[in-house]
Structure formats: structure tokens, C-alpha cells
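Would you mind keeping the following structure in view while I ask a few things?
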Amino acid sequence: MAIKDNNWTIELSNFSAGYSPLAFSDSLTEKGGSGHASAMKNCYVIEDYLTQGSALSNLTGTLTESIQYIMDKAVSDDVSYAIGTSKLFQISSTTISAIHTITSCTEGESIQVLKGYLYYFYNTASEGRIGKYDLASSFTDSSATGLQVAPHPSDKKEDIMVFGNGRYAGVYLANSDTLDVEKLDFGDDVEVADVIYNAGYWYIAVNSGVSGTNRNEGQIYLYDGSALSNLLEDESGVGMFRIGFLYRINGIVYVAYQDLSSTGFIIGYLNNKAIMPLVRYTGDLPTFAQKTLFKNTILFLSGGSAYSAGAIVGELPFQLSQIFDGGYSTATAISAPFGTPIVASTEGSSYRIAKTSGYDVNCTWNSIVFPLSNGKYKGMIDDIIVITKTLGEDASCSLTILGDQATLTSTAKTITGTDKRRHYFNTIGLVPLEDMQVALDWAGGSASNACAIRRIIINGHWVESI
């Protein structure tokens, strides 16, 4: 807050800060800077302005089951693959089609392409299996059998594939056609949560303890890149946390993990043998199938929403934001094999796979709470100036001020006007306030022309109010 004589000014900017550090626990938090949000829904903030998140456009094709995993790379131009609860699918940037019904499959797990073959991991009612597809016409559903019924995260490097198999990590060496589904044994009551390759090592995240809603202990092991030994290189003890996923960006390994004694999950990064926490928010712990890269940030799913964690450039802060809706109530998988994010979701017997397209209007954003009281004085708002990008036709956003711990609401002001960039409001309709919060809502906006906010300037003065 800037103060001069009896007047004060609050300027909201730097929206790329994302959520306030305490937004996960308090929607009326005062903790944070001028651009931090205490709450948001489907908002794009990662480029330092604030606007609507993307809408979703369904891929064309018939979908009769839940998609469990989407490859994050294209196998050939505009061709990638996904696996559902019983089928293997081919996808393009606009379409999805079932290409094979997998024998006895009850749940797809992951997919890797290695040396001209596509390997698909899945579970049956009694065991885990690996299928093999020659990328033309031949499918071998039981290329490998006898795996555990468990999550099967996987990653590859050149001719080597490492994958999770319950208490084991398995290894496949394509050049020698050698498969060992129990190469590394992590012991009883342990399950591999994720596997990635980074800088000469395989990083293997495991959780130990009783599954379900019970507290787990997480470990991250390093395994030699050649995958020939039965010995581990090193480990990082995460502690009494359950690990959701590992992700690599620019040689840094990020970790999503959860403490059951506190609501939500944390995104941190590995620093030698320690995890350094970065951001935290309420929601379901995302899994290995629910992560991808988007503009240098980690794009991941939690519940029915997509989140961004990271910084688009090094000069901006590491942020967490809820960036777009996941589709149906449960978002199951996300990837971006063609650059544009693709998300799969389900609700009851309805299934969806869609890519981001255009702008959503189901978008809201609330600032942190700004204290206005000063001794026996309260703050009176005089006017509000909103600076936007140049607005297109029908671009619109509603602004209200929530006062005194959100018990008072101002007159709504509409930010709109073709080719306008500066918007002035001076009839707010509020009494002197102890505190205030800015609330934005794009429900009346446009799906083709975004209303992008650059700055919000609130001017006021103090009045005596005992």
C-alpha cells in the first residue's frame, strides 16, 4: 500500500505469482504480494497478466471407456497413442480411434515406444501384463505376463526401458531382447509410484506402507543408467510422505508428494538427498499419468482440474495456479504430444478426451485480503482504475470488492469496451472498510476474445470510524 497524507493506493500487478502461499488453507489470507490469489478457477496467469484459462474442445471419435494414460510424445507426424480400461487408442491433434481391444484388460497403465515397437502396460483381474504392437497391424497382448496387479509407470532411454511393477522395478533391454520384471526388489508393502531417467540415472520413487487413505513413507532411489546391476546407486528419504509423481525439467527433478496430516499436496525439487518444497495447495495427489510440460511449467491434474506449477521464464517466480478445467468431474490423464494439452476425464458412464481451445468463461479470481484499518480509521474507496490489454469485441470481466472479511459486496463493475485499455470506476457502493479483497468473474465474457487484466489500481482515503 502506498500512503500519502490521508490518501492510500493499492496496486494489483505481478499476477504470475499465482496462489498465495496460504491459499490452500485460507481463502481470506493476507499472506502474499499484490498479484497473489487467495482463490482462482480456470485462470491463466503464467505470463504476468491475468485472464481466462483455455476452454476444451473434444477430439472427434467414439469413446466408450475411460482413458488412463496418454503418450506424451508423437510416434510420427500427428500420431500418438493412449490406453483405456480395455482398449488401445490412436490419437491425432483432432481425433481419437480405438485400434485394438486388449485381451482381459481391466486397466491400462502406461505406454512406451522402443526400437520401433509400442509396449503397453496393463492389468487384468489377476496379473499385470505387457503388450507389444509393431505400429502397423500386429498386436501381442501377452508379450510378458506374471507382473503384479499394480501401477506400472515407465520410462525409456535409448534401448532401455525401466518400469514399476508393484514392489519391483523391471528392466527391458531391447538390443538383447532381455526382460526382467523383478530386476530390483524394494521389499514387502512397497509400491513403485514413478520412474524417470535423468542425467545418467534412473530415478525410482516408491511408497511403503498400507495403501488407501493411510500414511505412507516415500523414498527416491537412484539406479545406474545402464540398468545392468541389481544394486542401487543412492537414495533420498522423503519421509512420512506419499509420492505422486516425478518430473524432469532442465535437469531438475521435481516431486509431487503428500502429507496425510495436512490437506493437499506439495510440489518440490530434489537437492542432493533433500526435497526442497516450492508450492502447496489443496487437492488430490496427482499420479504419473497426470503430468506433462506446458510452457516450461509442470501441467498436472488434481481432481477435475488442471494446474500449472513453475515459471515460464527464469525472471518470473515459481508459481502454482489452477489454469483450466479438466472436463468431467474426474480428470484421469494429461499430455501434450502435439504441443497443445490434451486431457481425458470421466463422470459416471460418460467419457471425454479434449484439447485446449479458445477461452473459458467459467473463470474467477480473488486477490488476497488487504487490511485498510489504521487505528480508529477505516479505508474508504474513492475510485478504481483497471488497465487491460486492448480488448476485442465482447471481451468482458466483472469486478467487485469484497469488504470486511467478505461480509460486504460492492456494486459490480464491468470491464469491457472494444479497443479499450483503461477502465475507470468511481461509484463503488461501500461504507468505510476494515479490509478489502478484489473479486473478478468472466462469466459474461467471450470465448474468443479474452479480457486480460494488466493492473488494478484502487485509490482511497481514511475516515474516522469507531
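In the stretch 223-256, which residues are under 22 Å from residue 284 (Cβ atoms) and assigned to a loop (DSSP other than H, G, I, E, B)?
240, 241, listed by residue number.
Matching residues to (1) surrounded by 15 or more Cβ atoms within 10 Å (Cβ to Cβ); (2) in a loop (DSSP other than H, G, I, E, B):
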residue: 11; (1), (2): yes, no
residue: 26; (1), (2): no, yes
residue: 31; (1), (2): no, yes
residue: 62; (1), (2): no, yes
residue: 68; (1), (2): yes, no
residue: 72; (1), (2): yes, yes
residue: 90; (1), (2): yes, no
residue: 96; (1), (2): yes, no
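Taking residue 383, is it farther than 28 Å from residue 295 by Cβ and either assigned to a strand (DSSP E or B) or of a type outside the set (Gly, Ala, Ser) (or both)?
Here the answer is yes, as residue 383 does meet what is asked.
Moving on. What's the number of the condition residue 463 fails, among (1) in a loop (DSSP other than H, G, I, E, B); (2) more than 33 Å from the chain's Cα centre (by Cα)?
Only one criterion in (1) in a loop (DSSP other than H, G, I, E, B); (2) more than 33 Å from the chain's Cα centre (by Cα) is unmet by residue 463, namely (1).
While we're here: Identify the residue in the stretch 151-175 that is crowded, with 19+ Cβ neighbours inside 10 Å and among the small types (Gly, Ala, Ser) and, among all such residues, is farthest from residue 200 (Cα to Cα).
Per the criteria, the residue is 166.
Just the residues that are surrounded by fewer than 24 Cβ atoms within 10 Å (Cβ to Cβ) and in a strand (DSSP E or B), please, taken from the stretch 292-307.
292, 293, 294, 297, 298, 302, 305
State whether one or more residues within the stretch 440-458 are in a strand (DSSP E or B), loosely packed, with under 14 Cβ neighbours inside 10 Å and either free of Cβ contacts under 8 Å to residues at least 60 places away in the same chain or not acidic (Asp, Glu) (or both).
We begin by selecting, within the stretch 440-458, every residue in a strand (DSSP E or B); these are 440-441, 453-458.
From what's left, loosely packed, with under 14 Cβ neighbours inside 10 Å: none.
Checking the stretch 440-458: not a single residue is in a strand (DSSP E or B), loosely packed, with under 14 Cβ neighbours inside 10 Å and either free of Cβ contacts under 8 Å to residues at least 60 places away in the same chain or not acidic (Asp, Glu) (or both).
OK, next. Does residue 77 satisfy being of a type in the set (Asp, Glu) and surrounded by fewer than 16 Cβ atoms within 10 Å (Cβ to Cβ)?
Working: of a type in the set (Asp, Glu): yes; surrounded by fewer than 16 Cβ atoms within 10 Å (Cβ to Cβ): yes.
So residue 77 passes the test.
Oh, and also: Any chance you could count how many residues in the stretch 308-321 are in contact with a strand residue (DSSP E or B) (Cβ under 8 Å, 6 or more places away or on another chain) and either in a loop (DSSP other than H, G, I, E, B) or β-branched (Val, Ile, Thr) (or both)?
3
Count, please, the residues in the stretch 330-379 that happen to be touching a Cys at 6+ places or on another chain (Cβ under 9 Å) and of a type in the set (Val, Ile, Thr).
1
Each value in this text was obtained by applying a stated rule to the coordinates, not by laboratory testing. Please read these numbers as outputs of a predicted model, since none were measured by experiment. Note that we place each Cβ from the backbone using ideal geometry, even for glycine, and neighbour counts take in every protein chain shown.
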